[in-house]
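> Pasting in a structure now, in structure tokens, and then I'll have a few things to ask.
The values are calculated or read from the model by the stated rules, or taken from the named source; none is laboratory data. Being a predicted model, the structure only gives us computed values, none of them experimental. Reconstructed Cβ throughout: ideal geometry from the backbone, glycine too, with neighbour counts over all protein chains shown.
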Amino acid sequence: MTHPRQFDLICFDWDGTLFDSTAIIVRSIQQAVVDVGGARPSDEAAAWVIGIALAPALAHAAPDVPSEKYPELAARYRHHYVARQRDISLFEGILPMLDELKQRHHWLAVATGKSRRGLDEALASRQLEGVFDGSRTADETAGKPNPRMLHELMREFGVEPERTLMIGDTTHDLQMALNAGCASVGVGYGAHQSGEFNALRPRYIASSVAELRRWLNESA
């Protein structure tokens, strides 16, 4: 290795960090809210909730929708998302970056606000077979920024917080890392504006996958 390894466990958010899905999630949220009679949320309001668990995300994006309609709202969101999910792919450069990290013997994990079912469907792709060593989802632990999913992953691999890095595209990801005592890196090509990240003390903010790959190679 050219550089000493700083982190044993590297955890990635999924949507907007590895997967180019932000625009489709935003449109699916907006259409679901309209379907149940709510006012269409702005792009910014819909994007802000990406990364947290589905139920609180939809409730935040649709404050005028009564709680008794939340199950219908969630069903409509899934309908619109599933109809578009074949159009979603990994960001260009993600697979080579992950391969380099595997060659350096980092443990790689996913910590996501997706459901277990949704993540397993995404991970079923042959190109991702054997890439990730572990994963946690919001529905089996707790939604971000609760640190529970990171705590569970650290226990699973026997890694201390100072040897764990969380990478994500939202303030929810970086706040979760801060709550867990872990280092973080923000990516500015996803759901949240990178200017929102500084208060959460990330080690680095990458504006592209290429920048993220370079930083990880030099500093992780």
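> Taking only the stretch 10-47 into account, find how many residues are within 16 Å of the chain's Cα centre (by Cα) and either in a helix (DSSP H, G or I) or of a type in the set (A, V, I, L, M) (or both).
Of the residues in the stretch 10-47, 9 are within 16 Å of the chain's Cα centre (by Cα) and either in a helix (DSSP H, G or I) or of a type in the set (A, V, I, L, M) (or both).
> Something else about it: It is to be established whether one or more residues within the stretch 104-113 are buried (at least 21 other Cβ atoms within 10 Å of the Cβ), touching a His at 6+ places or on another chain (Cβ under 9 Å) and small (Gly, Ala, Ser).
yes
> Sticking with this one: Got at least one residue in the stretch 164-181 being surrounded by fewer than 17 Cβ atoms within 10 Å (Cβ to Cβ) and closer than 17 Å to Gln6 by Cβ?
Of the stretch 164-181, the ones surrounded by fewer than 17 Cβ atoms within 10 Å (Cβ to Cβ) are 179, 181.
Right, trim to closer than 17 Å to Gln6 by Cβ and you get 181.
For the stretch 164-181, residues surrounded by fewer than 17 Cβ atoms within 10 Å (Cβ to Cβ) and closer than 17 Å to Gln6 by Cβ: present.
> Another question about this same structure. When you scan the stretch 25-47, do you find a residue that is within 19 Å of Phe12 (Cβ to Cβ) and not small (Gly, Ala, Ser), even just one? Quick ask: steps written out before the conclusion?
So in the stretch 25-47, the residues within 19 Å of Phe12 (Cβ to Cβ) come out as 25, 47.
Within this subset, residues satisfying the condition of being not small (Gly, Ala, Ser) are 25.
Yes, the stretch 25-47 contains at least one residue that is within 19 Å of Phe12 (Cβ to Cβ) and not small (Gly, Ala, Ser).
> Just wondering, is there one or more residues in the stretch 147-154 that are over 25 Å from Ala206 (Cα atoms), within 15 Å of the chain's Cα centre (by Cα) and surrounded by fewer than 24 Cβ atoms within 10 Å (Cβ to Cβ)?
Checked against the condition, which is being over 25 Å from Ala206 (Cα atoms), within 15 Å of the chain's Cα centre (by Cα) and surrounded by fewer than 24 Cβ atoms within 10 Å (Cβ to Cβ), the stretch 147-154 yields at least one hit.
> Now, a different point. Would you check which residues across the stretch 84-121 are closer than 21 Å to Val49 by Cα and in contact with a strand residue (DSSP E or B) (Cβ under 7 Å, 6 or more places away or on another chain) and list them?
Hits for the stretch 84-121 are Ile88, Leu90, Val110, Ala111, Thr112, Lys114, Ser115, Arg116, Leu119.
> Out of all the residues in the stretch 109-119, is one or more more than 28 Å from Pro4 (Cβ to Cβ), of a type in the set (Gly, Ala, Ser) and part of a loop (DSSP other than H, G, I, E, B)?
There is at least one residue in the stretch 109-119 that is more than 28 Å from Pro4 (Cβ to Cβ), of a type in the set (Gly, Ala, Ser) and part of a loop (DSSP other than H, G, I, E, B).
> Just checking, how many residues over the stretch 166-185 are in a loop (DSSP other than H, G, I, E, B) and more than 11 Å from the chain's Cα centre (by Cα)?
Step one: list which residues in the stretch 166-185 are in a loop (DSSP other than H, G, I, E, B), which gives 169-170, 181-182.
When the remaining residues are screened for being more than 11 Å from the chain's Cα centre (by Cα), the result is 181-182.
Number of matching residues: 2.
> Among the listed residues Asp64, Asp99, which satisfies the condition of being exposed (fewer than 15 other Cβ atoms within 10 Å of the Cβ) and either outside any helix (DSSP H, G or I) or not assigned by TED's automatic domain parsing to the domain that holds Val209 (or both)?
Testing whether each residue is exposed (fewer than 15 other Cβ atoms within 10 Å of the Cβ) and either outside any helix (DSSP H, G or I) or not assigned by TED's automatic domain parsing to the domain that holds Val209 (or both) leaves just Asp64.
> Further question: Please specify each residue of the stretch 168-220 satisfying the condition of being of a type in the set (S, T, N, Q) and closer than 22 Å to Ala57 by Cα.
As a first pass, look at the stretch 168-220 and keep what is of a type in the set (S, T, N, Q): 170-171, 175, 179, 184, 193-194, 198, 207-208, 217, 219.
Listed by number, the residues that qualify are Thr170, Thr171, Gln175, Asn179, Gln193, Ser194.
> Hey, another quick one. Of the conditions (1) outside any loop (DSSP other than H, G, I, E, B); (2) at pLDDT 95 or above, Pro202 satisfies every one except a single condition; which number is it?
(1)
> Would you pick out the residues in the stretch 185-216 that are more than 19 Å from Val49 (Cα to Cα) and of a type in the set (Gly, Ala, Ser)?
Those that are more than 19 Å from Val49 (Cα to Cα) and of a type in the set (Gly, Ala, Ser): Ala206, Ser207, Ser208, Ala210.
> Identify all residues within the stretch 67-92 that are within 15 Å of Gly118 (Cβ to Cβ) and either surrounded by 14 or more Cβ atoms within 10 Å (Cβ to Cβ) or not β-branched (Val, Ile, Thr) (or both); write none if there are none.
Result: Ala74, Ala75, Tyr77, Arg78, His79, His80, Tyr81, Ala83, Arg84, Gln85, Arg86, Ile88.
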